[in-house]
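K.L.:
Attaching a single structure in structure tokens format; questions to follow.
The values are calculated or read from the model by the stated rules, or taken from the named source; none is laboratory data. All of these numbers come straight from a predicted model, not from anything done at the bench. Cβ: placed from backbone, ideal geometry, glycine included. Neighbour counts: every protein chain shown.
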């Protein structure tokens, strides 16, 4: 009897992924999952899964009034309108198209790019047969539509991440990689290692979990039940601050008639490992970070690195406040870093009104950042009112994580996983009174020792 020995997946990097706070990455469904059905039938099934986004492949029959028409550049305006109407009916958006192809000619590329533009598609997934991508780059810049290089298994030329990465260097960042975790596993490539190699160039993901590693006969299983290590895949994407989609593509032959039950199980697993499930990331993102929704009162300002999402305080004292809405009961989480041992800053909770003077400091609580002070003015204190129970801050120059909850009149604060404050709030010290709801704000204190913030999330509570 011959025993087939499957290759073992190589170990992931030394990063302790179990401690990564996995962010919520929007989930889509690749319509190839339902390729035994028409596109319109697939969209109904995707709606029933609770997904909101779709990646469509070329060649799927539309269905409905167009049973023999294939989705792709050949659609008439009326057929495009019918697809749009079906998407709206189901509350869905098509964000990507592929895997598709084109020749290395402007005429061939424009057919695909024009179709993507007409459909409102932002990413074209492809596997170029040619090596000169200068014309692709020209099209990407003209249309502002991304190109994602996909990997099928060996002997596909992009089966291994190093191949595409070498060609992506120096190109427009809208030309990136569509990371297919299942096909990497069939090529005996550890998905986590591959994602690390492609850091900064992944713009789309085909997320799959397989029952075996290193064999092309492996089949899809619900996320978390296979050997892909989906938790670490999402953790690595979080560390890379990935802002694309997770396109679910379930392809097991035995489940093609009804893949939805396995997909639902997979969705439940994704929710279970997503730390920021139910949170809103309130430092904006639209291709790069932005300050939309934020305003500044008083001296100084916060400088935003639009690529990393890191805020740096300048001068002061001022308040950088989130003006989109007032919050009543909430959990606020963010990371901060002190540039010096005397860095001074804070997070203001429930600023009652639009600040037009410094009067807000008497009517809202500040959770302090000041490692050099003590007691009611030390890091973690409700400033001038209640001291932290213990000190839990990390050394200067390291990122700290705050988890701050304000529910009714109770404030709880965790710093780096340690609860340091649990207090029934009351007017005390400089605080004359406090409101049942208000704005969130970050303080820029001085130019001597700037403070840094990133990863600002908030979850409203009942």
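K.L.:
Given (1) closer than 23 Å to residue 21 by Cα; (2) in contact with a strand residue (DSSP E or B) (Cβ under 6 Å, 6 or more places away or on another chain); (3) surrounded by fewer than 21 Cβ atoms within 10 Å (Cβ to Cβ), where does residue 442 come up short, assuming only one miss?
P.N.:
For residue 442, the exception is condition (3).
K.L.:
While we're here: Looking at (1) in a strand (DSSP E or B); (2) under 25 Å from residue 95 (Cβ atoms); (3) touching a helix residue (DSSP H, G or I) at 6+ places or on another chain (Cβ under 9 Å), which is the only condition residue 319 fails?
P.N.:
Among (1) in a strand (DSSP E or B); (2) under 25 Å from residue 95 (Cβ atoms); (3) touching a helix residue (DSSP H, G or I) at 6+ places or on another chain (Cβ under 9 Å), the lone unmet condition for residue 319 is (2).
K.L.:
Now a separate question. In the set 154, 172, 132, which member is surrounded by fewer than 21 Cβ atoms within 10 Å (Cβ to Cβ), in contact with a helix residue (DSSP H, G or I) (Cβ under 6 Å, 6 or more places away or on another chain) and in a loop (DSSP other than H, G, I, E, B)?
P.N.:
The match here is 172.
Each row is one residue, and each column tells you yes or no for (1) part of a strand (DSSP E or B); (2) under 26 Å from the mean Cα position of the chain (by Cα); (3) within 25 Å of residue 159 (Cβ to Cβ); (4) in the same structural domain as residue 267 (by TED's automatic domain parsing).
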| residue | (1), (2), (3), (4) |
| --- | --- |
| 45 | no, yes, no, yes |
| 51 | no, yes, no, yes |
| 58 | no, no, yes, yes |
| 80 | no, no, no, yes |
| 87 | no, yes, no, yes |
| 116 | no, yes, no, yes |
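K.L.:
Select from the stretch 243-255 the residues that are part of a loop (DSSP other than H, G, I, E, B) and more than 23 Å from residue 174 (Cα to Cα) and list them in ascending order.
P.N.:
Taking the stretch 243-255 first, the residues part of a loop (DSSP other than H, G, I, E, B) are 243-245, 249-252.
Once the filter is applied, which keeps residues that are part of a loop (DSSP other than H, G, I, E, B) and more than 23 Å from residue 174 (Cα to Cα), the stretch 243-255 yields 250, 251, 252.
K.L.:
Being in contact with a strand residue (DSSP E or B) (Cβ under 7 Å, 6 or more places away or on another chain) and under 18 Å from residue 434 (Cα atoms) is the filter here, so list the residues in the stretch 386-418 that pass it.
P.N.:
Across the stretch 386-418, the qualifying residues are 386, 404, 405, 406, 409, 410, 411, 412, 413.
K.L.:
Against the conditions (1) surrounded by 15 or more Cβ atoms within 10 Å (Cβ to Cβ); (2) farther than 21 Å from residue 266 by Cα, where does residue 33 fall short? Just the number, please.
P.N.:
(2)
K.L.:
Can you tell me how many residues in the stretch 344-360 are in a helix (DSSP H, G or I) and either surrounded by 21 or more Cβ atoms within 10 Å (Cβ to Cβ) or not assigned by TED's automatic domain parsing to the domain that holds residue 441 (or both)? Even if it seems obvious, please write down each step before you answer.
P.N.:
Residues of the stretch 344-360 that are in a helix (DSSP H, G or I), as a first pass: 358-360.
If we keep only those that are either surrounded by 21 or more Cβ atoms within 10 Å (Cβ to Cβ) or not assigned by TED's automatic domain parsing to the domain that holds residue 441 (or both) too, we end up with 360.
Adding up the residues that qualify gives 1.
K.L.:
Then there is this: Hey, can you tell me all the residues within the stretch 243-263 that are touching a helix residue (DSSP H, G or I) at 6+ places or on another chain (Cβ under 8 Å) and either within 29 Å of residue 307 (Cα to Cα) or not assigned by TED's automatic domain parsing to the domain that holds residue 52 (or both)?
P.N.:
Passing the criteria: 246, 248.
K.L.:
Just to be sure I understand, how many residues within the stretch 200-242 are assigned to a loop (DSSP other than H, G, I, E, B) and more than 14 Å from the chain's Cα centre (by Cα)?
P.N.:
Pass one, the stretch 200-242, residues assigned to a loop (DSSP other than H, G, I, E, B): 200-201, 208-209, 211-219, 221-229, 240-242.
After this cut, where a residue has to be more than 14 Å from the chain's Cα centre (by Cα) as well, the list is 201, 208-209, 211-219, 221-229.
Total meeting the criteria: 21.
K.L.:
Let me ask something additional. Here are some residues: 196, 201. Which one is assigned by TED's automatic domain parsing to the domain that holds residue 96, surrounded by fewer than 20 Cβ atoms within 10 Å (Cβ to Cβ) and in contact with a helix residue (DSSP H, G or I) (Cβ under 7 Å, 6 or more places away or on another chain)? So that I can check it myself, show each step before the final result.
P.N.:
Values: 201 fails: surrounded by fewer than 20 Cβ atoms within 10 Å (Cβ to Cβ).
Selected residue: 196, the only one of 196, 201 that is assigned by TED's automatic domain parsing to the domain that holds residue 96, surrounded by fewer than 20 Cβ atoms within 10 Å (Cβ to Cβ) and in contact with a helix residue (DSSP H, G or I) (Cβ under 7 Å, 6 or more places away or on another chain).
K.L.:
Give the number of residues within the stretch 365-384 that are surrounded by fewer than 20 Cβ atoms within 10 Å (Cβ to Cβ) and touching a strand residue (DSSP E or B) at 6+ places or on another chain (Cβ under 9 Å). Quick ask: steps written out before the conclusion?
P.N.:
Residues of the stretch 365-384 surrounded by fewer than 20 Cβ atoms within 10 Å (Cβ to Cβ): 372-378, 384.
Still in the running and touching a strand residue (DSSP E or B) at 6+ places or on another chain (Cβ under 9 Å): 376-378, 384.
Summing the residues that are surrounded by fewer than 20 Cβ atoms within 10 Å (Cβ to Cβ) and touching a strand residue (DSSP E or B) at 6+ places or on another chain (Cβ under 9 Å) in the stretch 365-384 gives 4.
K.L.:
Something else about it: Residues of the stretch 239-263 being out of contact with any strand residue (DSSP E or B) (no Cβ under 7 Å at 6 or more places or on another chain), touching a residue at least 60 places away in the same chain (Cβ under 8 Å) and more than 24 Å from residue 459 (Cβ to Cβ), which ones?
P.N.:
256, 257, 259, 260
K.L.:
Look through 266, 278 and report the one residue that is closer than 17 Å to residue 26 by Cα and not in a helix (DSSP H, G or I).
P.N.:
Values: 266 fails: not in a helix (DSSP H, G or I).
Answer to the selection: 278.
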